[in-house]
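Down below is the structure, laid out as structure tokens.
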Amino acid sequence: MYWVPDCFLAQKLVFDFMYKFTLFFLFLSHFSFSQLDPESCIPESDIWNGKTIEKGKDNPNKKKKKIYLHIQDDIGDFIYLKLTNHYKKKIKYDHLENGKFIVIQEAKNKNNEWKEIEYFYFEKEGFPNKTYLRSLKKNEYIISRQKKYIEGDYSCDIRFKWKYKNRFIYSDSYRGKINLCQFKPPKDKDVKFILSNYSIFDKIEFLKKRIKHTTKKSDKKNLYFQQLILFLIREKKFDEAYKYAKKFKKKSPKSGLPHVSLGKIYVNSARHCYPEDEKMQLIILKLAFDEWKKGLAYEDSKKKAQTLIDRYKHIFENAKPSEHTKKIKIKCWINKTVETRYF
């Protein structure tokens with residue numbers, strides 16, 4: 001006796017498999033594309049894309065342009081951009097810490113106008129990376145590899161824009177594709193992107209510039225101060241954090257948030273200043289409490305101040321203060337004399 005396969009059953013199994021596979025493929029296709037909302041995208045901010053890959057000397061330029069920016073090669077996903085100096089003297093240009101050349105791209109909109117699709121953060125409100133000046137002598141050039149825009153729902157001409165002193169130098173253009181939302185300037189959500197993706201040094205420098213260039217009194221500026229102070233505390237730069245907290249109070253006299261920040265500076269520095277001396281830690285903690293109690297008087301800081309007081313009050317419940325006060329000199333970055341019963 002031998003077994004004969006049921007051809008109808010085999011056909012049914014094949015059909016079921018093909019049907020499920022087709023549904024699965026359609027699901028993946030739907031998931032991959034329908035979930036993307038082109039109108040909600042963030043404008044490109046990857047202006048640190050172009051790493052310098054070549055530097056050399058060029059032949060003298062017979063054209064009138066003294067600084068020449070042009071597309072050397074257009075290969076695959078990249079544009080190779082060449083910057084040449086034909087001045088009689090050397091010129092200086094900005095480079096990032098990682099060796100990348102700072103340049104942005106513009107595209108022509110539907111009105112045939114050139115509009116930015118990348119943005120100079122350092123020009124507007126502070127750039128998150130430290131920049132370095134490098135120089136090009138007469139007839140020297142550099143070539144950098146730049147991102148090429150080839151995906152999107154809008155075909156257009158795209159060119160490069162480079163800032164030299166107080167003017168801009170433009171390149172020739174290439175044909176590419178972008179999303180129309182890239183013409184919208186970056187919003188404050190890009191600040192969150194920077195704060196989550198860069199080193200703490202970059203974050204500190206970025207926030208300092210944001211504070212400097214944000215002239216209006218606003219909730220955003222208060223947020224920049226608070227974030228900067230927290231990063232300085234994390235780096236144990238307590239004296240600098242204290243200076244910014246005082247500046248914060250001067251800029252926002254009707255806010256209690258500077259008192260909350262001052263208290264955080266004290267409480268985080270206590271163990272750093274006196275790692276083995278619990279009494280001195282307690283004295284510094286008392287300074288923090290004094291600031292948080294001031295914060296209770298303001299509507300914008302009342303809740304935060306009370307939360308911090310509740311978090312640390314058990315330490316004072318276990319401590320036994322003296323009946324008399326005594327003057328104690330606190331060293332470290334605080335460097336002042338206080339009267340206290342905890343000695």
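Every read-out reported here was derived from the displayed coordinates using simple, explicitly stated rules and does not represent laboratory data. This one's a predicted model, so the numbers in the text were calculated from it and none came from an experiment. Here the Cβ positions follow ideal geometry from the backbone for every residue, glycine too, while neighbour counts run over all protein chains shown.
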Original post:
Can you pull out the trypsin sites (Lys or Arg not before Pro) in the stretch 141-170 that DSSP calls coil and that have at most 16 other Cβ atoms within 10 Å?
Top reply: 165
Subject >> Extension gain, residue 110 back to residue 72 (0.36 nm per residue minus Cα-Cα distance, nm) >> reply: 11.0 nm
Subject >> Set 161/251; 82/212; 236/327; 88/147; 88/177 screened for pairs whose C-alpha atoms are more than 28 Å apart >> reply: 161/251; 82/212; 88/147; 88/177
Subject >> Packing-based exposure ordering (other Cβ within 10 Å, fewest first) of 282, 232 >> reply: 282, 232
Original post:
In debye, nearest 20: dipole of the stretch 192-320 around its Cα centre with unit charges on the Cβ of K, R (+) and D, E (-)?
Top reply: 760
Subject >> Mean-position separation - Cα centroids, the stretch 211-279 and the stretch 280-341, in angstrom >> reply: 16
Original post:
On full extension of the chain, what length is gained from residue 312 through residue 277, given 0.36 nm per residue of separation minus the C-alpha to C-alpha distance?
Top reply: 10.8 nm
**OP:** Please compute the net charge surrounding residue 327, taking Lys and Arg as +1 and Asp and Glu as -1 over other residues with Cβ under 13 Å from its Cβ.
**Re:** +3
Original post:
Which GluC sites (Glu not before Pro) does the stretch 286-341 hold that lie in a coil by DSSP with at most 10 other beta carbons within 10 Å?
Top reply: 299, 323
Original post:
Just in the stretch 232-300: which trypsin sites (Lys or Arg not before Pro) are loop by DSSP and have at most 10 other Cβ atoms within 10 Å?
Top reply: 254
